Every structure is written in structure tokens, then in C-alpha cells.
Amino acid sequence: MKAIVHSRYGAPDVLELKDIDQPVVSDDAVLVRVHAAAVGKGDWLTVGGLPYVARLRYGLPNPKHPVPGFDVAGRVEAVGPNVTQLRPGDAVFGWCDGSFAECASVPEGQLALKPTNFSFEQAAAVPISGFAALQSLRDTGGVKPGQQVVIIGASGGVGSFAVQLAKAFGAQVTGVCSTKSLDMVRSIGADHVIDYTQEDFTRTGRAAL
């Protein structure tokens, strides 16, 4: 199969398109034929091996996972013997190690069925950022209806999901972003928007929201 690979850390020119072996599927994983893979800041940091302490996870002195990419969407081609919730042909999305390839091996627990009204490209943009926002608001923050929530970086990958999720949970949302993103943050549901280039929200009463 074809894949984007890197054998060392560095700038984007360390990436190469190569033919490599198709991944072996473990007992608890599925083989996904990749239809779309998102590119985010985390992918850039992984390719660059940044911050350096992260190389303890990604591999020393060179990457232990030569194929980068985390967010993935595609169709299941094969399943391991312990997989119970997915079957070949299912359209799925989630995260894995090595989504920048024609196929990826993904643990079953890191995948969900793709909503039918999502394209593969739309679904691939959701997993890492969307899950981080969901964990922060639901699991860590325990956001409840009627609460007031301030989201710093409301126009970013995680922040834009957080605004929409907080509204879905019934909270009143204040988004903090730069001037160019004010309209976008309003359009995704923020009740109030603060332009941090014009107002130091940490020194006003609005910081208590």
C-alpha cells in the first residue's frame, strides 16, 4: 500500500510517499481503508518530534511509527477475532497511529460509526479535537444546563467544538478569540464573544463568567 512516511524527525521535507506493507490487524483491532485523514497541529509536532520530551512516546532516536497521522475516516475491510461491534463494510471514524496511508490498523474502541449525513472528509476532522473538547466539558468540567462557560481559543480546533458542545449541554457560552474570528465564533453559537486583542478579559468582570 502507499503511505506517507518519515524515518527521522524534522521539517516537512522529511516526509516521503512510499510503498509499504499493509498493517497487521491485532485481535482487538480492525483494518480500515482510509478515505480521509485530517492534518492538524499534532501531526506537525509529531513529524518534528516536538516537544523533545514527546520523543519518549514517539520513539528515540527516530520515530517508532513511521507513518504519521491520527484522525481517520474510512471503511472497515477486516476485523480481528475479538471485535464485536464492527464488521467489514462499516463506515467509521476515529483516531489511530498512522492514518496517512491507504490502510490503517485501529483498535475497535477508538472508532465509531460515521453519521450518514457526514462525508468522510467531515468525519475525519472530528476525532482528536472533538474528543478533547468532549472530555474537557463533560468528563472533567461536568458542564450543566444554565452554567456559564468561558472558552479561550474559541476559534481553534478544540475550542470550536467546545463552543458547540457547551451550547448543546445548555450552558451560556463566552468565546475568547481574535478580531478576525469574532463572526465565526458567533456563528457556531457563542452567546458572548471577547476580542482578546482589544480587551483583557482577565481584568474585567467578564472573566468571572
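The values are calculated or read from the model by the stated rules, or taken from the named source; none is laboratory data. Keep in mind the model is a prediction, meaning the values are calculated, not measured. Every residue, glycine as well, gets a Cβ built from its backbone with ideal geometry; the counts of neighbours run over all protein chains shown. Each accessible area value is taken on the protein alone, full model and side chains, heavy atoms only, with ligands, DNA and RNA left out. Shrake-Rupley method; radii C 1.70, N 1.55, O 1.52, S 1.80 Å.
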Go through region 106-118 and give me each residue that's within 14 Å of Ala73 (Cβ to Cβ), of a type outside the set (A, V, I, L, M) and surrounded by 13 or more Cβ atoms within 10 Å (Cβ to Cβ). Gln110, Lys114, Phe118
Among the candidates Pro12, Pro23, single out the residue that is within 13 Å of Cys96 (Cβ to Cβ) and in contact (Cβ under 8 Å) with a residue 12 or more places away in the chain. Pro23
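Against the definition (touching a Ser or Thr at 6+ places or on another chain (Cβ under 6 Å) and either surrounded by fewer than 21 Cβ atoms within 10 Å (Cβ to Cβ) or under 29 Å from Gly175 (Cα atoms) (or both)), how does Gly157 come out, yes or no? Quick ask: steps written out before the conclusion?
Values: touching a Ser or Thr at 6+ places or on another chain (Cβ under 6 Å): yes; either surrounded by fewer than 21 Cβ atoms within 10 Å (Cβ to Cβ) or under 29 Å from Gly175 (Cα atoms) (or both): yes.
Against the criterion (touching a Ser or Thr at 6+ places or on another chain (Cβ under 6 Å) and either surrounded by fewer than 21 Cβ atoms within 10 Å (Cβ to Cβ) or under 29 Å from Gly175 (Cα atoms) (or both)), Gly157 qualifies.
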Subset of region 119-136 that is within 15 Å of the chain's Cα centre (by Cα) and hydroxyl-bearing (Ser, Thr, Tyr) - its residue that is most open to solvent (accessible area, probe 1.4 Å): Ser136
Looking at the structure I just gave you, is Asp139 surrounded by 15 or more Cβ atoms within 10 Å (Cβ to Cβ), among the acidic types (Asp, Glu) and out of contact with any Cys (no Cβ under 6 Å at 6 or more places or on another chain)? no
Tally of residues being closer than 24 Å to Ala38 by Cα and open to solvent by 30 Å² or more (accessible area, probe 1.4 Å) across region 184-200: 3
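Does Gly170 count as in a loop (DSSP other than H, G, I, E, B), of a type in the set (Gly, Ala, Ser), touching a Lys or Arg at 6+ places or on another chain (Cβ under 8 Å) and farther than 29 Å from Asp43 by Cβ?
yes
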All but one of (1) surrounded by fewer than 16 Cβ atoms within 10 Å (Cβ to Cβ); (2) at pLDDT 95 or above; (3) not aromatic (Phe, Trp, Tyr) hold for Ala171; which doesn't? (1)
In region 47-72, anything within 28 Å of Lys114 (Cα to Cα), aliphatic (A, V, I, L, M) and open to solvent by 40 Å² or more (accessible area, probe 1.4 Å) is listed as none
Just a yes or no: is a residue in region 73-80 farther than 27 Å from Val158 by Cβ and surrounded by 20 or more Cβ atoms within 10 Å (Cβ to Cβ)? yes
Hey, among the residues in region 18-45 that are assigned to a helix (DSSP H, G or I) and under 21 Å from Ser105 (Cβ atoms), which one's most open to solvent (accessible area, probe 1.4 Å)? Gly42
